[in-house]
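A short worksheet on the structure shown next.
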Amino acid sequence: MKVGVLLKQVPASDTIIKINPDKTGIVTAGIKWETNPYDELALEAALQLKDAGKATGVVVLTVGAADADARVRDALSRGATEAIRVDEASVVGSDSLGTARALAAAAKAAGVELILAGKQAIDTDSAAVPAMVAELLGWPQVSVVTGLTVDGGKITAERNAGGGFIEVVSTSVPAVITCDKGLNTPRFANMKGIMAAKKIPIEVKSAADLGLSAGQVGAAGALVEESGLELPPPRPSSKIIQGATPEAKVKELVRLLRDEAKVI
Amino acid sequence: MHLVPEIGEMGLLGANIEGYGCAGLSNVAYGLICQELERGDSGLRSFVSVQGSLAMHPIRSFGTEAQRLKYLPEMAAGRMIGCFGLTEPDFGSNPGGMLTKAVDDGDSYVLNGAKMWITNGTLAHVAVVWAKLDGEIRGFIVEKGDPGFSAPEMHGKHSLKASVTSELVFQDCRIPKDRILPGVKGLRGPFSCLNNARFGISWGALGAAMACYHSAVEYSKTRIQFDKPIASFQLIQMKLAWMLREITKGQLLALHAGRIKDKGELIPEQVSLAKMNNVDIALQIARTARDIHGANGILDEYPVMRHMANLESVYTYEGTHDIHNLILGRWITGIQAFT
Ligand SMILES: Cc1cc2nc3c(=O)[nH]c(=O)nc-3n(C[C@H](O)[C@H](O)[C@H](O)COP(=O)(O)OP(=O)(O)OC[C@H]3O[C@@H](n4cnc5c(N)ncnc54)[C@H](O)[C@@H]3O)c2cc1C
C-alpha cells in the first residue's frame, strides 16, 4: 500500500505578514518558508507506516511553484520515496476546491490508497482541502486525529472529542486522515537521508497532465472568490496607571472603569 | 556521551564514507560538520574525528569486507564507539619508534605494549591499534573485553574536558587472526587516517574561533568603560577586524582543501598547512577574545577560556604545530629536519 502525504509550504510561524498594495495577497518577498507543521505530523505518520513495513512507499503530493521543492526535498530526505508537485502556474487562482482537485488527481496518478494530511495549514487555516480530496475520491475521511493504527486495510483512529474523551473511529482504506498535534514527534532528516533524497526526482505535473480541464482549476474552477485581504485592526494601546501609592492607583483604575470604559 | 546516539542518528559519524550505513557526504560537507561541532566544543568534534577518520576510515580502507560489515554500520549509528591507538608514552611525534608488538601465535596474534593519550579509549568498543609485527607497523582491531586488554582513563586534564582520554594497555592480549587490517603496512596506515582527521580539524578549529569571535563582538558592544562601549575603541576594533580577517582566510584555505580533496588531489603537505594555520589562528583568536572579555573571559559563563584551553590540545595532537612546520619544510627544501 502506498501512502500519500499532502504537503504545503507556509510562511514560518514567526513571519511578520504584510499585505500587498492591491490587497490580493501577502508580500512573499523575504519570507522564510517552512513545511506546515501539521503536515509534518502526517509525513511522520506515513514514514512510521513505511518503517513498520505497512506502507510500500510514501508519496509527497503538493501544489506549488519551484520554490516549494526545498520543502518536498526535505520530506524526501526524511524518508519519503516519491514526490509529485502540481505546478502552481497550471492552477493559479484556485480556491480550496481547485487545489483539492489537483491533489486528488495527483493522488490517483500516484496510486496511493491512504492519504494523510495536516488538520489544517497554519497560513490560511481553512482546513478544507483534505475533506474535499476525500469527497472527490469518494473515500471516507477521519479528521483531527491524535492516534492512528493501520492493520491490513483496517484503520483505527483516535480523535480528541473534548472534555477528556477520546473518540475511536474505525474505517478502512482507501481513506483520508488528517493529523493533529500529539500524534507523533516528527523526525529530522539525517545525512544519509539527505544524500539518498538527491537521487529521487520530483515529478512536476500540470493540471492538464493530470487530466483536469481548464474549467476545473484556477479562477475558472473556483467557487469561492477572495474579495480582499486585510490585516486585523491594530490593538488599541494600553494604559498604565501611574500613582504614588497602590491606593491611589486603585482609585484611578476604578474611576477609569466607571467614567471611561463605562463598565461599572 | 549522551550525545552519541543522537549524533549517530543525524548521520554525522563517518559522514564522508560511502556505504556501510554511512552518509557518503562530500569532504566539504564533512568539514562543515566538524566546524559546527567544534563551535560547540572541541571535545565533541574530537569524538567525531576519532570515530570517523581514525577508527572507521582504516576499517573502510584497509579492512576486509567482513570487518567492514561487522563494524561500520554499528559505528555509523553510534552504537559502537571506536578509538585509535598510535601514540605511546615515549613515542609521540615519532610514532615509527613504537614499542607495542604483535606476535603471530598459531590462530591468534598476541599484543604487548601500551598506548597513551587515546581519545575515547575507555569508552571504546573497538580500538584500531598500531603495533609492530615482525618489525613492521600493522593495524589490529582490538575489542573491549579481549583478554589482556584494558583502557584506564587518564585524569587531570585542563583541556578537552568533554572528551575521554585513556591509556590502552596490552598484556599478552590475544586476538583472533581475522582482526588484522590486511590492506596496509608501515606508517602509511596511521598517516592516512591522520590526514583525514587533520583535514577535519582545519575546519573544526575555525568553529571554535568563530565562537570566540562572536562572543568577543557581543561582549565588546555591551561592555561600557570610560562611558563608552569598548567596541568603540580603535584597539578593540582592530582586534575584531584581525579575527575576522584570519577566520575568513582560514575558511578559504579549508574550503579549497575540501574541494581538491573531493577531487582526490589533496596532498598531505596541504593538509599540514591547513591544520597548522587554522589551529594556530584559532588559538590566537581565542586568546585575543579572552583578553577582550577582561576578567569575565576567565569565567565559564563565556565560552572563550574553554575553547582556548581546548585548542592547546588541538595544537598538539594530530601532529604538533612544529611537526607540520617540519613536514612543510621537507616539502619546500627536500631536506628532512626531523632527526
Ligand atoms: C587530548 C589529546 C588527545 C589525543 N588523542 C590521541 C589519540 O586518540 N590517538 C593517538 O594515537 N594519540 C592521541 N594523542 C597524542 C598526540 O597525537 C601526541 O600528543 C602528539 O603526537 C605529540 O606527541 P607528544 O605529546 O609525545 O609530544 P612530543 O613528540 O614529545 O613533542 C614535544 C615537543 O617537541 C616538539 N618536537 C618533537 N619532535 C621534534 C622535532 N623533530 N623537531 C622539533 N621539535 C620537535 C614538538 O613539536 C613539541 O613541541 C592525543 C593527545 C592529546 C593531548
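Among the residues in segment B:128-143, are any within 11 Å of the ligand (Cβ to nearest atom) and touching a helix residue (DSSP H, G or I) at 6+ places or on another chain (Cβ under 9 Å)? Yes, the conditions are met somewhere in segment B:128-143.
Might you check whether a residue that is within 16 Å of the ligand (Cβ to nearest atom), modelled with pLDDT of 95 or more and either out of contact with any Pro (no Cβ under 7 Å at 6 or more places or on another chain) or away from every other protein chain (no Cβ under 14 Å) (or both) occurs anywhere in segment B:295-307? Write out each step before concluding.
First, pick out the residues of segment B:295-307 that are within 16 Å of the ligand (Cβ to nearest atom): B:306-307.
Subsequent filtering for residues that are modelled with pLDDT of 95 or more retains B:306-307.
Checking the rest, the ones that are also either out of contact with any Pro (no Cβ under 7 Å at 6 or more places or on another chain) or away from every other protein chain (no Cβ under 14 Å) (or both) come to B:306-307.
Taking every residue of segment B:295-307 in turn, at least one turns out to be within 16 Å of the ligand (Cβ to nearest atom), modelled with pLDDT of 95 or more and either out of contact with any Pro (no Cβ under 7 Å at 6 or more places or on another chain) or away from every other protein chain (no Cβ under 14 Å) (or both).
Search segment B:9-27 for residues being facing chain A (nearest Cβ under 9 Å) and not in a loop (DSSP other than H, G, I, E, B), and hand back the single one that is farthest from B:Y71 (Cα to Cα). Looking at residues that are facing chain A (nearest Cβ under 9 Å) and not in a loop (DSSP other than H, G, I, E, B), I get B:M10. Go through (1) part of a helix (DSSP H, G or I); (2) free of Cβ contacts under 8 Å to residues at least 40 places away in the same chain and name the single condition A:A107 misses. The one condition A:A107 does not meet is (2). Would you pick out the residues in segment B:91-126 that are surrounded by 17 or more Cβ atoms within 10 Å (Cβ to Cβ), of a type in the set (V, I, T) and more than 12 Å from the ligand (Cβ to nearest atom)? If the condition is that a residue be surrounded by 17 or more Cβ atoms within 10 Å (Cβ to Cβ), of a type in the set (V, I, T) and more than 12 Å from the ligand (Cβ to nearest atom), then B:V110, B:V126 are the ones that fit. Within segment B:68-86, residues that are in contact (Cβ under 8 Å) with a residue 24 or more places away in the chain and more than 14 Å from chain A (Cβ to nearest Cβ) have Cβ atoms under 6 Å from residues that are more than 16 Å from the ligand (Cβ to nearest atom) and of a type in the set (S, T, Y) in these pairs: B:R68/B:Y20, counting only partners at least 6 apart in sequence or on another chain.
Working only within segment B:66-90, note down all residues that are of a type in the set (A, V, I, L, M) and either over 30 Å from B:T339 (Cα atoms) or more than 8 Å from the ligand (Cβ to nearest atom) (or both). Spell out how you get there, then give the answer.
In the first step, residues of segment B:66-90 are kept if they are of a type in the set (A, V, I, L, M); the result is B:66, B:69, B:72, B:75-77, B:80-81, B:86.
Result: B:A66, B:L69, B:L72, B:M75, B:A76, B:A77, B:M80, B:I81.
Scanning segment B:158-198 for residues that are part of a strand (DSSP E or B) and either of a type in the set (A, V, I, L, M, F, W, C) or surrounded by 21 or more Cβ atoms within 10 Å (Cβ to Cβ) (or both) returns B:T165, B:S166, B:L168, B:V169, B:F170, B:C173, B:I175, B:I180.
Across segment A:179-193, not a single residue is classified as away from chain B (no Cβ under 14 Å), over 16 Å from A:A117 (Cα atoms) and either in a strand (DSSP E or B) or at pLDDT 95 or above (or both). When segment B:145-156 is filtered for residues that are surrounded by fewer than 16 Cβ atoms within 10 Å (Cβ to Cβ) and charged (D, E, K, R), only B:E153 remains. Scanning segment B:83-122 for residues that are at positive phi and over 16 Å from the mean Cα position of the chain (by Cα) returns B:G106, B:G113. Scanning segment B:28-50 for residues that are within 14 Å of chain A (Cβ to nearest Cβ) and under 15 Å from the mean Cα position of the chain (by Cα) yields B:Y30, B:G31, B:L32, B:I33, B:C34, B:E36, B:L37, B:V48. Going by the structure shown, is B:P58 touching a residue at least 40 places away in the same chain (Cβ under 8 Å), within 14 Å of chain A (Cβ to nearest Cβ) and more than 22 Å from B:M154 (Cβ to Cβ)? So B:P58 does not fit the description; no. Taking (1) without any contact (Cβ under 8 Å) to a residue 60 or more places away in the chain; (2) more than 9 Å from the ligand (Cβ to nearest atom); (3) of a type outside the set (V, I, T) in turn, B:L311 satisfies each apart from (1).
Say whether the condition of being in contact with a Phe, Trp or Tyr (Cβ under 7 Å, 6 or more places away or on another chain) and more than 16 Å from the ligand (Cβ to nearest atom) is met by at least one residue in segment B:317-326.
Within segment B:317-326 (the criterion being in contact with a Phe, Trp or Tyr (Cβ under 7 Å, 6 or more places away or on another chain) and more than 16 Å from the ligand (Cβ to nearest atom)), the answer is no, since none of the residues qualifies.
Test of understanding: among A:T81, A:T35, A:T15, which residue is in contact with a Gly (Cβ under 7 Å, 6 or more places away or on another chain) and farther than 24 Å from A:A222 by Cβ?
Values: A:T35 fails: in contact with a Gly (Cβ under 7 Å, 6 or more places away or on another chain); A:T15 fails: in contact with a Gly (Cβ under 7 Å, 6 or more places away or on another chain).
The match here is A:T81.
In the set B:A208, B:A254, only one residue is over 30 Å from B:V103 (Cα atoms), surrounded by 13 or more Cβ atoms within 10 Å (Cβ to Cβ) and within 16 Å of the ligand (Cβ to nearest atom); that residue is B:A208.
The values are calculated or read from the model by the stated rules, or taken from the named source; none is laboratory data. Every value quoted in this text rests on a predicted model; they were computed, and no experiment measured them. Neighbour counts are summed over all protein chains in view; Cβ atoms, including those assigned to glycine, are modelled from backbone coordinates with ideal geometry.
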